[in-house]
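Notes to accompany the following structure.
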Amino acid sequence: MRLSSCAAVALIAISVSCGSESGTNAGPIVANVVITSTRTVTTPGTPLQLTVSAFDAAGTLIATPGVFAWASSAPSVARVTQTGLVTPVAPGTVTITAALRGVTGSISVVVAPLTQATKDTIFTLPLAFSPDNVTITAGQSVTFLFAGDLHNVIFKPANPSGSPPDIQETKNVAVTRSFNTKGTFAFDCLIHPGMSGFVVVQ
Ligand SMILES: [Cu+2]
C-alpha cells in the first residue's frame, strides 16, 4: 500500500515534468538553428555573448522559438550559460551548440592566449584592422585576432628589412608576429582593398 502510493506520486511527478518541458518547447517546426556573434575570437577574461535564431523550413525566422539548450564541446576551453554567454577559460578552439526540438546549430569560438610577450592586439573586423596601427618596442610582438571572415596580412614590399612573415588567408585564429627591427611596417589585407594598417617599432 505504502509502496504503491509512492509509485503513484513518482508517476505524477514524471508526467508533470514532461508536461512542463513539452509546454516550454512546443512551437513551430524548426528546420535550422543559427548562432551568430559579433566576434568569434576572444581571450580568457573577456566573455562573449552569442545570439541564436531558429528558422522554419521556408527559411522564415521563428519569432518565439522557445528555450534553446546550450552546450560547449570543451568546457575546459570555454563554458556557455543557458543564455548563450560564453566564458573563455583557457586557450583553444571550442564548438558551442544550441539545440531546439532536435535541431542543433553550432559556432566555432577561438580562445586566444594572453601572453606577456604580446604588446598589443589587432582585431580583424569585416573590412578593417582595429586598431589600424600600434606602436611597440623592438622585440615585442603583436597578435592578429582573425574573426569569422577570411583576411590576410601581407607586409608591403617597400617596408624596411625585418618585416615578420606574412599571414596567409585565414579566419577564427590568433596569429602572433614578433617585430625585432626598428621601423614602420605597413601591411595590407589583399582580399579587401583599403584594409590596411601599420606597426611602428621603436
Ligand atoms: Cu580583409
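The values are calculated or read from the model by the stated rules, or taken from the named source; none is laboratory data. This is a predicted model, so every value here is computed, not measured. Don't worry about glycine lacking a Cβ; one is built from the backbone with ideal geometry, like all the others, and counts go over all protein chains shown.
Can you confirm whether residue 170 is closer than 26 Å to residue 91 by Cβ and within 13 Å of the ligand (Cβ to nearest atom)?
When the stated conditions are applied, residue 170 passes them.
Scanning for something within 16 Å of the ligand (Cβ to nearest atom), under 30 Å from residue 71 (Cβ atoms) and in contact with a Phe, Trp or Tyr (Cβ under 7 Å, 6 or more places away or on another chain), does segment 131-146 turn up at least one residue?
yes
Could you list, ordered by first residue, the pairs with Cβ atoms under 7 Å in which the first is in segment 41-53 and under 20 Å from residue 146 (Cβ atoms) and the second is crowded, with 21+ Cβ neighbours inside 10 Å and among the aromatic types (Phe, Trp, Tyr), at least 6 apart or interchain?
Short answer, once both residue conditions are applied: 41/146.
Cβ-Cβ distance below 6 Å, separation of 6 or more or different chains: which pairs start in segment 88-102 with a residue that is closer than 13 Å to residue 172 by Cβ and end on one that is part of a loop (DSSP other than H, G, I, E, B)?
Taking only residues 6 or more apart or on different chains, the pairs are 92/77; 94/73; 94/74; 94/77; 95/73.
In segment 156-170, which residues are polar (S, T, N, Q) and closer than 18 Å to residue 181 by Cα?
Result: 159, 161, 163.
Quick one: in segment 75-100, which of the residues that are assigned to a loop (DSSP other than H, G, I, E, B) and modelled with pLDDT of 95 or more is farthest from residue 27 (Cα to Cα)?
75
Would you be able to tell me the number of residues in segment 175-202 that are away from the ligand (no atom under 16 Å from the Cβ) and surrounded by fewer than 19 Cβ atoms within 10 Å (Cβ to Cβ)?
So the count comes out to 9.
Within the set of pairs 6+ apart or on separate chains, which have a first residue in segment 190-202 that is not assigned by TED's automatic domain parsing to the domain that holds residue 160, a second that is of a type in the set (Lys, Arg) and near the ligand (Cβ under 9 Å from one of its atoms), and C-beta atoms under 9 Å apart?
Within 9 Å, no pair qualifies.
Of the numbered conditions (1) surrounded by 14 or more Cβ atoms within 10 Å (Cβ to Cβ); (2) in a loop (DSSP other than H, G, I, E, B); (3) touching a residue at least 60 places away in the same chain (Cβ under 8 Å), residue 122 satisfies every one except a single condition; which is it?
For residue 122, the exception is condition (2).
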